[in-house]
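Below: one structure, written as C-alpha cells.
The values are calculated or read from the model by the stated rules, or taken from the named source; none is laboratory data. Note that the structure is predicted; figures quoted are calculated from it, not measured. Methodologically, a virtual Cβ is constructed for each residue, glycine included, from the backbone with ideal geometry; neighbour enumeration extends over all protein chains shown.
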C-alpha cells in the first residue's frame with residue numbers, strides 16, 4: 001500500500017473492529033464556560049492502553065505476513081505506541097521489544113513491561129532509532145514504525161470515520177501532532193467525505209517536526225527535542241505523514257510549554273479529563289488563542305492520550321505561571 005485513501009481506512013476499521021470499541025465524543029460544560037464556546041472532545045484517552053495508538057498497531061498486525069512476525073517485532077516509542085504494540089503482541093503471543101529514550105515516563109516503561117514486552121532504555125530519541133535498527137539487523141526482527149507507515153496511518157484514520165458518524169455537522173477539527181500519523185489518517189478520512197471541514201494540527205514548539213518539514217519542503221531531523229508533551233516528541237516527520245498532511249491539513253500551529261501546561265491543567269481540573277500534556281494540546285491551543293474557532297458552529301478537539309503518572313502531573317503544574 002504505497003498511498004493511503006479512504007478505502008484503506010475503511011478496511012482498517014474492519015480489521016480492528018473485533019478488538020477495539022469506538023471512543024465517545026463528549027462535552028464538558030465547565031470547560032466550555034472557561035473557553036467561552038461549545039467544544040466536542042473525541043476521547044481517545046479512553047481507548048485500550050490509554051491512547052489512539054492501538055488502532056494503527058492492530059491494522060499493521062492484520063496486514064503482516066507470519067514470516068514478518070516469527071522473529072519478533074521492534075519499535076521506538078516515548079511510550080504510547082510502545083504500550084499499544086506490547087499489548088497487541090501480548091494478546092497474540094508475539095515477542096516485542098520497545099526501545100525508549102532514557103528519560104521516558106517510568107509509568108509507560110512499566111506498562112510496556114506489564115504487557116509482556118522487552119523494554120530497552122537507550123539514549124535520546126536519535127539514539128533509540130539507531131539502537132532499534134541495530135536490533136532488527138542482529139535479530140532478524142521486523143521494525144514497526146510508530147507513525148510513518150501506510151497501515152499505521154490508515155488505522156489511526158478510523159478516528160476520523162467515527163467522528164463523521166458521531167458529529168455529522170462537524171466543521172472544524174483540532175488534532176495533536178507528533179510524527180503526523182494521527183492527523184494524516186483523520187484528515188484523509190474526513191476530507192474524502194467532507195472536504196470543507198477545517199483540519200488544524202497543533203505541535204509543541206519544542207518538537208515541531210511536521211511544521212519544520214512543511215517549511216523545508218520535506219522531512220528534516222530536528223537537532224533537539226524538548227517538550228513537556230513527551231508523547232508528541234518526534235524528532236522527524238515521516239515521508240508518508242509529510243505527504244499526507246500536505247494534502248489534508250489546513251493549518252498547523254505550535255504551542256509553547258506554558259500554553260501546553262495551562263491547557264492540560266484546564267482540561268483536568270475543569271473538563272475532568274485526566275489527559276497527558278500531549279493528549280491535551282488541541283484543547284490547550286484553543287484556550288491559549290493559538291487556534292481561532294470564530295465562525296465555527298461545530299468544533300471538536302481530539303484528546304489523544306491519558307497516560308500520565310503523578311510525577312509527570314507535578315512537573316506539569318511546575319510549568320504554570
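Condition first: farther than 18 Å from residue 136 by Cα and at pLDDT below 95. Now tell me which residues in region 64-90 satisfy that. Give the derivation first.
Here is the first cut: in region 64-90, the residues farther than 18 Å from residue 136 by Cα are 78-80, 83-84, 87-88, 90.
Of everything in region 64-90, those that are farther than 18 Å from residue 136 by Cα and at pLDDT below 95 turn out to be 78, 79.
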## Note on the structure
residue 107 passes all but one of the listed conditions (1) more than 23 Å from residue 138 (Cβ to Cβ); (2) surrounded by 24 or more Cβ atoms within 10 Å (Cβ to Cβ); the exception is number (2)
### Task
Being without any contact (Cβ under 8 Å) to a residue 24 or more places away in the chain and either outside any helix (DSSP H, G or I) or buried (at least 17 other Cβ atoms within 10 Å of the Cβ) (or both) is the filter here, so list the residues in region 205-242 that pass it.
217, 219, 220, 222, 223, 224, 226
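Just one of 257, 251 is closer than 30 Å to residue 218 by Cβ and out of contact with any helix residue (DSSP H, G or I) (no Cβ under 9 Å at 6 or more places or on another chain); which is it? Give the steps one after another, and end with the answer.
On the way: 257 fails: out of contact with any helix residue (DSSP H, G or I) (no Cβ under 9 Å at 6 or more places or on another chain).
The match here is 251.
Residues that are more than 30 Å from residue 285 (Cα to Cα), outside the structural domain of residue 108 (by TED's automatic domain parsing) and out of contact with any strand residue (DSSP E or B) (no Cβ under 7 Å at 6 or more places or on another chain): which helices (runs of 4 or more DSSP H) entirely in region 1-68 hold 3 or more of them? So that I can check it myself, show each step before the final result.
Working: elements: 6-16, 29-35, 53-63.
So the answer is 6-16.
Could you list all residues from region 268-291 that are in a helix (DSSP H, G or I) and touching a strand residue (DSSP E or B) at 6+ places or on another chain (Cβ under 7 Å)?
If we filter region 268-291 for residues that are in a helix (DSSP H, G or I), which is where we start, we get 268-269, 277-287.
Selection gives 278, 279, 280, 281, 282, 283, 284, 285, 286.
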### Query
Could we say that residue 160 is modelled with pLDDT under 95 and touching a helix residue (DSSP H, G or I) at 6+ places or on another chain (Cβ under 9 Å) here?
no
### Task
Return only the number of the condition from (1) at negative phi; (2) out of contact with any strand residue (DSSP E or B) (no Cβ under 8 Å at 6 or more places or on another chain); (3) free of Cβ contacts under 8 Å to residues at least 40 places away in the same chain that residue 113 does not satisfy.
(2)
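Working only within region 199-233, note down all residues that are under 19 Å from the mean Cα position of the chain (by Cα) and closer than 22 Å to residue 3 by Cα.
Applying the first criterion (under 19 Å from the mean Cα position of the chain (by Cα)) to region 199-233 yields 199-214, 219, 221-222, 225-233.
Matches in region 199-233: 199, 200, 201, 209, 210, 211, 213, 214, 219.
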## Note on the structure
Selection over region 293-317 where residues are within 19 Å of residue 258 (Cβ to Cβ) and in a loop (DSSP other than H, G, I, E, B) yields a count of 1
### Message
Residues that are closer than 18 Å to residue 181 by Cα and surrounded by 23 or more Cβ atoms within 10 Å (Cβ to Cβ): does region 93-104 have at least one?
### Response
no
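Quick check on region 253-270. Is at least one of its residues buried (at least 24 other Cβ atoms within 10 Å of the Cβ) and either touching a residue at least 60 places away in the same chain (Cβ under 8 Å) or more than 20 Å from the chain's Cα centre (by Cα) (or both)?
Taking region 253-270 as the starting set, the residues that turn out to be buried (at least 24 other Cβ atoms within 10 Å of the Cβ) are 255, 260, 263-264, 267.
Restricting the remaining residues to those that are either touching a residue at least 60 places away in the same chain (Cβ under 8 Å) or more than 20 Å from the chain's Cα centre (by Cα) (or both) gives 267.
Yes - at least one qualifying residue is present in region 253-270.
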### Query
Considering region 166-204 alone, what residues qualify as being in contact (Cβ under 8 Å) with a residue 12 or more places away in the chain and assigned to a loop (DSSP other than H, G, I, E, B)?
167, 169, 170, 171, 177, 178, 179, 180, 194, 196, 197
